C-alpha cells in the first residue's frame, strides 16, 4: 500500500508540475526546483515505510523514465533549462545510490543527504541565478558566491536539526558539501550530495 502511494505521489508530482508549467508558462528553472524539493520530501517520507529495495528500484525506474522523456521533450518542467545538465536524471539515481549505501540501518543520514540534495541545492540554485552577481569558477564549474553561501547556510541549518549540540560538525559538514557542490557540474552533484551528506553525518552518529 505504501509503495503504491509512493509511486502515485511521485508520478503525480512529475505530471502535475508539467501540466502547471505548460498551462501557466512558468519558468522551468522554478518548476525544476519545486519538483526537486517535493521529490526529496517524498523520498524522506518513503524511507519510514518502504523497503530499501523498492526505493532503489523505483528511483532507477524514474531515472530511466526521465531520460526517455528528455529525448522526447515530455518533461520540459524539469529538463528545459539554458545549460547542459542531466541533473533531472541524476536526481533519482542519487537517491537510489544513497538508499543502497545507507538504508535500512542509517535512515537519518539517508534523510539528511536527500534533504541537502532537495533543499540546499534547490534554494542555492534559485538564489544564485537571481542574485548571483559574483561568479566563482571551481574545477571548471561556474557558480556564484551568493549561491554557495546560501547552500552552506541551508546545509548548516539542516545539520543543526539532525544533530543537536554545538560542535565542529556544524562547520565541517556544510563546508565539505559546499565544496562538493561547487566542484561538480552538469548535474553530477545530484549523484554525490545525498551520498556524501549521509556518510558525513553518519560519522557523527557513530
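Bear in mind these aren't lab numbers, they're just calculated from the coordinates by the rules spelled out. In this text the structure is predicted, and so the values were computed from the model without any measurement. Every residue, glycine as well, gets a Cβ built from its backbone with ideal geometry; the counts of neighbours run over all protein chains shown.
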Simple spin-label model, 7 Å along Cα-to-Cβ: residue 74 to residue 54 in nm?
2.3 nm
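Taking neighbour counts of Cβ atoms within 10 Å as a proxy for exposure, in what order, fewest first, do 160, 58 appear?
Values: 160 14, 58 21.
In order of increasing Cβ crowding within 10 Å: 160, 58.
Quick check on packing: order 100-108, 180-188 by the mean number of other C-beta atoms within 10 Å, highest mean leading.
Working: 100-108: 16.4, 180-188: 18.6.
By packing density, highest mean first, the sequence is 180-188, 100-108.
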How would 151, 62, 157 line up from fewest to most surrounding beta-carbon atoms within 10 angstrom?
157, 62, 151
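Test of understanding: what is the full-extension gain from residue 133 to residue 5, defined as 0.36 nm times their sequence separation minus their Cα-Cα distance? Could you put the intermediate results ahead of the total?
Working: separation 128, 0.36 × 128 = 46.08 nm, distance 4.22 nm.
Going from the current span to full extension adds 41.9 nm.
Hey, what did the chain get for relative contact order, percent, Cα under 8 Å, at least 6 apart?
Values: 295 pairs, mean separation 48.6, N = 206.
RCO, the chain: 24 percent.
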Highest mean first, what order results for 137-145, 28-36, 48-56, 88-96 on Cβ atoms within 10 Å?
88-96, 28-36, 48-56, 137-145
Which entry in (1) 21.7, 71; (2) 16.3, 49; (3) 21.5, 68 is this structure's computed Rg and Dmax of the Cα atoms in Å?
(2)
Restricting to Cα atoms and excluding each atom paired with itself, what does the Kirkwood estimate give for segment 1-78 in Å?
13.0 Å
Could you tell me how far the Cα centroid of segment 5-49 sits from the Cα centroid of segment 141-192, in Å?
23 Å
What distance in nm separates the simple spin-label points at residue 64 and residue 29, each placed 7 Å from Cα in the Cβ direction?
3.4 nm
